[in-house]
1. Do we have residue 139 as more than 16 Å from residue 118 (Cβ to Cβ) and either outside the structural domain of residue 258 (by TED's automatic domain parsing) or in contact with a helix residue (DSSP H, G or I) (Cβ under 6 Å, 6 or more places away or on another chain) (or both) here?
2. Can you tell me how many residues within region 300-312 are surrounded by fewer than 18 Cβ atoms within 10 Å (Cβ to Cβ) and in contact (Cβ under 8 Å) with a residue 40 or more places away in the chain?
3. Does residue 307 count as outside the structural domain of residue 209 (by TED's automatic domain parsing) and either closer than 27 Å to residue 136 by Cβ or in a strand (DSSP E or B) (or both)?
4. Can you find a residue in region 180-193 that is under 28 Å from residue 158 (Cα atoms), modelled with pLDDT under 95 and touching a helix residue (DSSP H, G or I) at 6+ places or on another chain (Cβ under 8 Å)?
5. Suppose the filter is in the same structural domain as residue 225 (by TED's automatic domain parsing) and over 28 Å from residue 117 (Cβ atoms); does residue 273 pass it?
6. So if I check each of 121, 126, which one is in contact with a helix residue (DSSP H, G or I) (Cβ under 6 Å, 6 or more places away or on another chain), surrounded by fewer than 16 Cβ atoms within 10 Å (Cβ to Cβ) and in contact (Cβ under 8 Å) with a residue 12 or more places away in the chain?
């Protein structure tokens, strides 16, 4: 309501002033016309036109002045133009600085990107829970250093030392999480996430999250299976396809990958042993991936691969 009244008052003042100026200009023009007076050596007719023009210009100037005095938006428009220009120049400089930072440094972690995770039984003593969280943060720090050193290798720059601390986190949040986990039941998933975009060689601001997780596979449960033939020239390709199908089956059941990986994997010795088992067998074989322990959403894919001869019942299916 106050703004409406202010607008009406402004328009009224402008109208009164404009009318007064127009009246005075008209009277002055008439007097000059009657007395055939001259300004700047102009003819009386041209002098009258000049007076009319100046009157219109004066009305415009008075109108703007009144609006500038009584209207905040108009005042900002007329008086704050230089301020806006300075702010625009500062913003342009900031954008240029950020663009240069992005060109010179790569992003190691994007905001909200998970770095590492684990599964922990709830209800442990606070000290053991704190040790688990500290271990998870240490793993996240090591992975952050590894990511930085990969970029350093591409840039042909010296790597970061393995013992450098690159993570920043809220210690109060850590203690609150320790208390919460120690008082909970069941199994909890823990993960470390980037709290903002983390640039190359910069410290990474992270946060911790915890939630109740469900069991995906029981110990001894089959995760995936595949038939293969030792005489198949593409037996190694079939073996690697089986490994990939095991990962996909685990993800479809509810296990959560980090960076596309579920962890786990085979050592070189385990791989060579499996290849020998396949090549020395006769007849059709079956590969089975079996859970070594109870696996939860945030567990690593801890499975063993068994090589079994295909039974007659399986062959007839």
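The values are calculated or read from the model by the stated rules, or taken from the named source; none is laboratory data. Owing to the predicted nature of the structure, the values given are computational and were not obtained by experimental measurement. Neighbour counts run over all protein chains shown; Cβ positions are idealised from the backbone, glycine included.
1. no
2. Residues that pass the stated criteria total 1.
3. Yes; evaluated as a whole, the condition is true for this residue.
4. no
5. The answer is yes for residue 273.
6. Within the list 121, 126, the selection yields 126.
Rundown of residues vs (1) at pLDDT 95 or above; (2) surrounded by 12 or more Cβ atoms within 10 Å (Cβ to Cβ), yes/no style:
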position	(1), (2)
250	yes, yes
253	yes, yes
276	no, no
291	yes, yes
298	yes, yes
314	no, yes
